[in-house]
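Reading through the structure tokens given below for one structure.
The values are calculated or read from the model by the stated rules, or taken from the named source; none is laboratory data. For clarity, every value in this text was computed on a predicted model and none was experimentally measured. A quick note on method: Cβ atoms are made from the backbone with ideal geometry, for glycine too, and the neighbour counts reach across all protein chains shown. For accessibility, only protein heavy atoms count, side chains too; no ligands or nucleic acids. Shrake-Rupley method; radii C 1.70, N 1.55, O 1.52, S 1.80 Å.
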Amino acid sequence: MSGALPSAASLYRRVWRVIPPGEWAAFSDDIEAILTLKRERNAVILAHNYQTPEIFHCIADIVGDSLALARKAMTVEAKVIVLAGVHFMAETAKLLNPDKVVLIPDLGAGCSLADSITAQDVRLMRQRYPGVPIVTYVNTSAEVKAESDICCTSGNAKAVVESLGVPRVIMLPDEYLAHNIAAQTDVEIIAWKGHCEVHERFTPADIRELRENHPGVTVLAHPECPPDVVAEADFSGSTAAMSDYVERQKPPRVVLMTECSMSDNVALAHPDVEFIRPCNLCPHMKRITLANIRMALEQNHHVVTIEPGIAGRARLAVERMLAI
């Protein structure tokens, strides 16, 4: 990395509308230390859209949804990658960068979807439905990916399913994503019973109440939401697709039915759009903080490792997805 480090004041100008000065004062020392550590260690920080603004807008080098992070991870030249997100994302970065050091700031940053299925479960599904391809959401462990034929994200799930050219597929582990994609394709989809603990809490009644209290609001829903929530929304798509929708359509008033830090991050790019925030927090994403990012870089904490045999098969499933 080259060039002068940005000042804390210049970074605060990016986020002042969502972070009060008192909070910023508590962040600035860690931010300056992280910027210096990134240069000293030749490190980059990849941050998911659900990270808080001081991480997403001030220290991250690459930001996006799961698909964008997976694609961009392949182009990283730095020696060290810090994944500001949950564990399966760090594993995916490691799969695509086997010779780099990948750090996750908190090993407890898990995922209810990833926890809903095991490699043994996938093997049993393959026995129950012989010959049916298995499409696995990236929100899964490397062990589960290794038992799959191909991965997908919420942004490319329909394209992945239809790319296989078969009448029926198994889609794991998100039941709601599977049902929402099934409504868009003629391919029969066999679903698992996994749910995202953030998105499963949204209801159609929530949307009706939002419309009543905020006339004219445009409702965007993530496809991990239940199908009846997606049916009530004006648009459904991945976090990247929701952000693109706001960029293209510029609705005067909008609500994103997803993790609430997403609204803060998108709002900063669109000061003329009013964001209504129904706040469902992901407790796993919120385990990632400036303090533990700094500690990971200072002490090489929480290096991500994957058993070689598993890594090879899991990487193939991810690379098949990225080729579509």
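Structure above, values below:
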item: Cα-based Rg / Dmax (Å) for segment 215-276; result: 10.6, 31
item: Simple spin-label estimate for Arg277 and His179 in nanometres, 7 Å along Cα-Cβ; result: 3.0 nm
item: Residue-wise HN-Hα coupling along segment 170-177, computed from phi with Karplus coefficients 6.51, -1.76, 1.60 (Hz; x: Gly, Pro); result: 9, 10, 10, x, 7, 4, 6, 4
item: Bins of 5 Å from zero: percent of alpha-carbon pairs in segment 1-160; result: 1, 8, 16, 18, 17, 13, 10, 7, 4, 2, 2, 1
item: Spherically averaged projected area of the chain from its Cα convex hull (nm²); result: 16.3 nm²
item: Trp192, Trp16, ranked by accessible area, largest first (probe 1.4 Å); result: Trp16, Trp192
item: Restricting segment 1-93 to trypsin sites (Lys or Arg not before Pro) in coil, as DSSP defines it, with at most 12 other Cβ within 10 Å; result: Arg17
item: With all protein chains modelled, accessible area of Asp99 [1.4 Å, Å²]; result: 150 Å²
item: Inter-label distance, nm, simple model (7 Å from Cα along the C-beta direction), Met74/Ala159; result: 1.2 nm
item: Quarter of the Cα convex hull surface for segment 1-66, i.e. its orientation-mean projected area (nm²); result: 4.6 nm²
item: Cα-centred dipole magnitude for segment 1-121, charges only on beta-carbon of K, R (+1) and D, E (-1), debye, nearest 20; result: 440 debye
item: Kirkwood hydrodynamic radius of segment 152-302, from inverse mean 1/r over distinct Cα pairs, in Å; result: 16.8 Å
item: Kirkwood Rh in Å, taken over segment 190-238 so that all alpha-carbon pairs contribute; result: 11.3 Å
item: Charge dipole (debye, nearest 20) of segment 73-161; +1 at Cβ of Lys and Arg, -1 at Cβ of Asp and Glu; result: 200 debye
item: Isolated Cys in the chain, by beta carbon distance under 4.7 Å; result: Cys58, Cys111, Cys151, Cys152, Cys196, Cys225, Cys282
item: Point-to-point label distance, Ala205-Arg17, nm (Cα→Cβ direction, 7 Å offset); result: 3.4 nm
item: For the chain, share of DSSP beta bridges that run antiparallel, in % to the nearest 5; result: 5 percent
item: Kirkwood Rh (inverse of mean 1/r, distinct Cα pairs), segment 222-324, angstrom; result: 16.9 Å
item: Kirkwood-based Rg to Rh ratio, segment 162-224, C-alpha trace; result: 1.10
item: Segment 265-324-segment 81-142 distance, computed between alpha-carbon centres (Å); result: 12 Å
item: Fraction of alpha-carbon pairs over 24 Å apart in segment 75-194 - percent; result: 30 percent
